[in-house]
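Asker: Take this structure, written in structure tokens, and hold onto it; I'll ask about it next.
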Amino acid sequence: MAGLRKDDPRERKSYHLRVPLTPSQRALIEDAARLDEHDKASWARAILLIAAKRTIAKNKGLTSK
């Protein structure tokens, strides 16, 4: 079909992370994602990746001593 873009195979997301949440936690995440104009998965992915990179960078200094 014309106009459809081909996704880079390296960017395909095939792993799904299931995180148990209370109803209020889910609502909080949904509200934040909506305010940032993202779907829940995109919003959570971005936040989790930022936190993971920050944690790894912070702990690299601790493990190299």
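The values are calculated or read from the model by the stated rules, or taken from the named source; none is laboratory data. Fair warning: this is a prediction, and the values are worked out from it, not measured in the lab. Every residue, glycine as well, gets a Cβ built from its backbone with ideal geometry; the counts of neighbours run over all protein chains shown.
Asker: Does LYS13 qualify as being within 19 Å of the chain's Cα centre (by Cα) and at pLDDT below 95? Please lay out each step first, then the result.
Answerer: On the way: within 19 Å of the chain's Cα centre (by Cα): yes; at pLDDT below 95: yes.
When the stated conditions are applied, LYS13 passes them.
Asker: Select from region 24-65 the residues that are within 17 Å of LYS13 (Cβ to Cβ) and either in contact with a helix residue (DSSP H, G or I) (Cβ under 7 Å, 6 or more places away or on another chain) or in contact (Cβ under 8 Å) with a residue 40 or more places away in the chain (or both) and list them in ascending order.
Answerer: ALA33, ASP39, LYS40, TRP43, ALA44
Asker: Now a separate question. Condition first: surrounded by 13 or more Cβ atoms within 10 Å (Cβ to Cβ) and among the β-branched types (Val, Ile, Thr). Now tell me which residues in region 22-65 satisfy that.
Answerer: Within region 22-65, ILE29, ILE47 meet the criteria.
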